[in-house]
Amino acid sequence: MRRLHFRKSRGSALLMVTVAIAALMSFAIIAIDGAVLMTTKGQLQSAADAAALAGASALLDGTETEATGRAIDFAGFNRAVQDTLVDVVITPDDITFPEDEHIRVVTHRTEATGDALRTYFRRLMNPLRPNTADVTAVAEAWCFDVCTTPCLKPWSIPDRWDDTDADGKFDVGETYDPDVTGYKAPGDVGLSIVLKVGNPQQAIERGVFFPVCYPPVGYPGEKPLSGGEWYRTWISECEPYLVGPGDELKTETGNKSGPTRQGVAALIAKDPSARWNSSTNTVESPDYGTSPRVVLVPFFDPTRPPTSGGSSVFVTRVGAFFIEGQNAQGDVVGRFVRVTASGVPCPGGGDGTSLVRGIGLIE
């Protein structure tokens, strides 16, 4: 009887060990193949994101054909597991344009595209299936006009109005509409302008700017910071507050010619080799992708000029300006440019004419 009981116990133990081994094998299969699938999915998503953003950057001033080429190039700068870690290859068939200024990119490791992911144990689970798996990733990006952004210089410039008598001064009866008369791209890119410090006693003129304080009036938990030291700092460095249409900016008091000269000199010293190329209408900087001398500025409504004593200007748009230098009078000389910057999109993405544009992922 004891021998029979021993044989039964040994048989039960063997069955339990067999079941345990099968369970462990299943967990190992899930863990190993699952890890490979997740790793590949992440790699493909990174490639899709990079390709979509690159394609959107081409849409800023280019065509869908240029966007397609750039997306393919940037996808190929990434690698993902197939049999081994290899380049991500996509074709124009993997790229669509669902809306104006939108690009959608699919990256893949699939049987249909001839680059399926090799797994290790999938066939053990189902002998009728190949030892591969399909993995894809999708990203959609868009380009848009930026309405609200940080890092503006403390110079409020009057936006362009309908100067009916062409005297360069805002006169009673002349009209302003930021979407109609205001500075726009691409037409105003390269337009030369001399920025001169103004005061509330004089008429609004093209190129006259008013030194302003940041942050805007009513900024959560903050008050406008005034004084020559702040003003000079915001010229050479980056103010951190979001500024956009509708914001009220307090104007600085006193003569700011000295701080203007000092701040601009410090900014130019960061990239002294930057130059304007008139043949290409672009800024050339041997040391930077985007020169620090390309700056953001707030345009204000010329129909609401500052007045003496605690005055303000009201932002309607944000523009971009390349600082070429200063003249003997200390005026800032430069040109309007188009630049890509981070920030809040204009409602509906804008109409594509802003001097400041952005790109972003929406999927």
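Quick notes on this structure:
- Taken together, Gly334, Gly358, Gly348 contain a single residue that is part of a strand (DSSP E or B), more than 21 Å from Phe170 (Cα to Cα) and not assigned by TED's automatic domain parsing to the domain that holds Gly190, which is Gly358.
- Number of residues in region 129-162 that are charged (D, E, K, R), part of a loop (DSSP other than H, G, I, E, B) and crowded, with 18+ Cβ neighbours inside 10 Å equals 3.
- Considered as a group, the residues in region 238-264 that are part of a loop (DSSP other than H, G, I, E, B) and of a type in the set (Gly, Ala, Ser) include one that is surrounded by the fewest Cβ atoms within 10 Å (Cβ to Cβ), and that residue is Gly246.
- Checked against (1) of a type outside the set (A, V, I, L, M, F, W, C); (2) without any contact (Cβ under 8 Å) to a residue 60 or more places away in the chain; (3) part of a strand (DSSP E or B), Thr107 passes all but condition (2).
- Among the residues of region 190-228, those that are over 20 Å from Asp331 (Cα atoms) and in contact (Cβ under 8 Å) with a residue 24 or more places away in the chain comprise Tyr214, Pro215, Pro216, Val217, Gly218, Pro224, Ser226.
- Residue within region 315-331 that is within 30 Å of Trp142 (Cα to Cα), more than 16 Å from the chain's Cα centre (by Cα) and not in a strand (DSSP E or B) present: no
- Residue match in region 72-94 (condition: outside the structural domain of Leu191 (by TED's automatic domain parsing), buried (at least 17 other Cβ atoms within 10 Å of the Cβ) and within 17 Å of the chain's Cα centre (by Cα)): yes
- Residue count for region 172-225, restricted to those that are surrounded by fewer than 18 Cβ atoms within 10 Å (Cβ to Cβ), in a loop (DSSP other than H, G, I, E, B) and among the hydroxyl-bearing types (Ser, Thr, Tyr): 3.
- Within region 98-116, the set of residues being surrounded by 15 or more Cβ atoms within 10 Å (Cβ to Cβ) and either within 33 Å of the chain's Cα centre (by Cα) or at pLDDT 95 or above (or both) comprises Glu101, His102, Ile103, Arg104, Val105, Val106, Thr107, His108, Arg109, Thr110, Thr113, Asp115.
- Of everything listed in (1) surrounded by 15 or more Cβ atoms within 10 Å (Cβ to Cβ); (2) more than 15 Å from the chain's Cα centre (by Cα); (3) not hydrophobic (A, V, I, L, M, F, W, C), the single unmet condition for Asp287 is (1).
The values are calculated or read from the model by the stated rules, or taken from the named source; none is laboratory data. Note that the structure is predicted; figures quoted are calculated from it, not measured. Note that each Cβ is placed from the backbone with ideal geometry, even for glycine, and that neighbours are counted across all protein chains shown.
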